1. Given the conditions (1) in contact with a helix residue (DSSP H, G or I) (Cβ under 8 Å, 6 or more places away or on another chain); (2) assigned to a helix (DSSP H, G or I); (3) within 30 Å of D255 (Cα to Cα), report the number of the one that Y231 does not fulfil.
2. Could you list, ordered by first residue, the pairs with Cβ atoms under 7 Å in which the first is in region 19-36 and under 13 Å from K66 (Cβ atoms) and in contact (Cβ under 8 Å) with a residue 40 or more places away in the chain and the second is open to solvent by 60 Å² or more (accessible area, probe 1.4 Å) and assigned to a loop (DSSP other than H, G, I, E, B), at least 6 apart or interchain?
3. Part of a loop (DSSP other than H, G, I, E, B) and more than 30 Å from A26 (Cα to Cα): which single residue out of R128, R149 fits that description?
4. Of the residues that sit in region 18-36 and are in a loop (DSSP other than H, G, I, E, B) and open to solvent by 30 Å² or more (accessible area, probe 1.4 Å), which one is nearest to F77 (Cα to Cα)?
5. Is there any pair linking a residue in region 252-269 that is among the polar types (S, T, N, Q) to one that is open to solvent by 80 Å² or more (accessible area, probe 1.4 Å), with Cβ under 8 Å and at least six apart or on different chains, and which?
6. Let me confirm something: among V238, V153, which residue is within 19 Å of I262 (Cα to Cα) and not aromatic (F, W, Y)?
7. Output the number of residues of region 247-257 satisfying the condition of being modelled with pLDDT of 90 or more and either closer than 23 Å to V182 by Cβ or open to solvent by 50 Å² or more (accessible area, probe 1.4 Å) (or both).
8. Would you mind finding the one in K91, K39, K15 that is in a loop (DSSP other than H, G, I, E, B), open to solvent by 20 Å² or more (accessible area, probe 1.4 Å) and closer than 29 Å to R143 by Cβ?
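The values are calculated or read from the model by the stated rules, or taken from the named source; none is laboratory data. This is a predicted model, so every value here is computed, not measured. With ideal geometry, Cβ positions are generated from the backbone for all residues, glycine too; neighbour counts draw on all protein chains shown. SASA here: full protein model, heavy atoms, side chains in, ligands and nucleic acids out. Shrake-Rupley method; radii C 1.70, N 1.55, O 1.52, S 1.80 Å.
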Amino acid sequence: MTEETMGRYLGVAFKRGGMIYYFSSAPFVLAVHDWVLVKTEEGIGFGQIVIIRDELPPGLDPAQVKPIYRPATQEDFQTVAENQQHAVEAKAICQQAIARLGLEMKLVDVEVSFDRSKMLFYFTAPGRVDFRELVKDLVRTFRTRIELRQTGVRHETQMLGALGNCGMVCCCRRFLRRFEPVTIKMAKDQNLFLNPAKISGACGRLLCCLAYETENYAEFQRRLPKIGRRYHTIHGLVKTLRANMFRDTVTVLTDEGDELDIPLEEWPTLVLPDERGANGERASERPAAPSQPSASDSQPSAAAVPSGPRSPRQGKRLA
């Protein structure tokens with residue numbers, strides 16, 4: 001199937017890097033990168049087709065998918081340009097009102113709906129903000145529906161864009177549709193130096209890219225012998241020093257002071273059979289198995305035989 005076509009469902013994004021929403025293509029024949037108008041719960045939306053599919057992604061009900069309203073015209077592009085200019089002016093007016101009211105908040109972006117029936121103001125703030133007076137001022141100024149929405153620093157970077165530590169535009173701006181949880185454990189599993197300046201993004205939070213290879217590092221850690229342990233191998237007694245996921249090797253130190261790089265796939269064959277456990281650990285490093293009861297242990301001792309209440313004399317004799 002070509003991009004122009006016959007796909008039943010069109011993925012539409014209303015802004016660059018934004019979420020993708022699906023609509024039915026009927027009765028139009030459209031292609032990727034075409035601009036269209038669609039009806040949403042917020043009114044008429046102006047967006048671009050970014051993907052065409054024959055089937056909806058899992059979890060979406062075909063009965064809930066609305067059809068494309070119509071392809072965009074040159075007049076529609078003119079309307080969008082005017083709305084963008086209106087949003088720039090509205091941002092300046094709102095910032096002045098915030099300063100006048102002394103509100104502890106930072107205005108991030110302003111969106112104007114296609115038909116100007118609604119204006120959405122995004123802001124960040126360290127806590128809750130009483131912006132009722134601000135809303136009243138904006139309603140009096142613009143004579144339309146006003147909505148203020150508090151967002152986080154990650155979404156702020158996504159809306160404004162920035163350069164990451166790698167020198168490229170941040171992933172959240174380029175292609176990430178939603179944010180996944182990122183933890184400090186991910187940085188530890190990747191043996192990264194835990195310097196906040198190195199593992200934090202432009203937003204001040206942990207780098208989103210730390211989560212990209214989490215599964216690969218977890219699989220590598222499962223196959224890796226414990227670092228810092230000693231093992232009996234065909235090379236003698238060795239100590240594991242470090243590991244390299246990209247080369248899939250573990251470096252060991254022999255008793256002679258030599259360092260050897262051993263591929264992980266060969267590690268199980270190098271550890272002596274009588275020393276190797278489930279993960280190549282020495283038997284001496286594994287918890288000792290409970291000893292089997294002897295014949296003498298199978299008979300209950302006198303102290304273990306229930307005898308009911310004992311007299312002080314009996315207790316003394318048993319002691």
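1. If we test Y231 against (1) in contact with a helix residue (DSSP H, G or I) (Cβ under 8 Å, 6 or more places away or on another chain); (2) assigned to a helix (DSSP H, G or I); (3) within 30 Å of D255 (Cα to Cα), just (2) comes out false.
2. These pairs meet every condition: Y22/L60; F23/K66; S24/R8; S24/K66; S25/R8.
3. Of the residues listed, the single one that is part of a loop (DSSP other than H, G, I, E, B) and more than 30 Å from A26 (Cα to Cα) is R128.
4. Our first condition is that a residue be in a loop (DSSP other than H, G, I, E, B); within region 18-36, this holds for 18-19, 25-34.
Next, only the ones that are open to solvent by 30 Å² or more (accessible area, probe 1.4 Å) stay: 19, 26-29, 33-34.
Numbers: M19: 21, A26: 22, P27: 22, F28: 19, V29: 20, H33: 14, D34: 12 Å.
Looking at the filtered set, the residue picked out is D34.
5. Filtered contacts from region 252-269: T254/H235.
6. V238
7. Qualifying residue count for the region: 2.
8. Among K91, K39, K15, only K15 is in a loop (DSSP other than H, G, I, E, B), open to solvent by 20 Å² or more (accessible area, probe 1.4 Å) and closer than 29 Å to R143 by Cβ.
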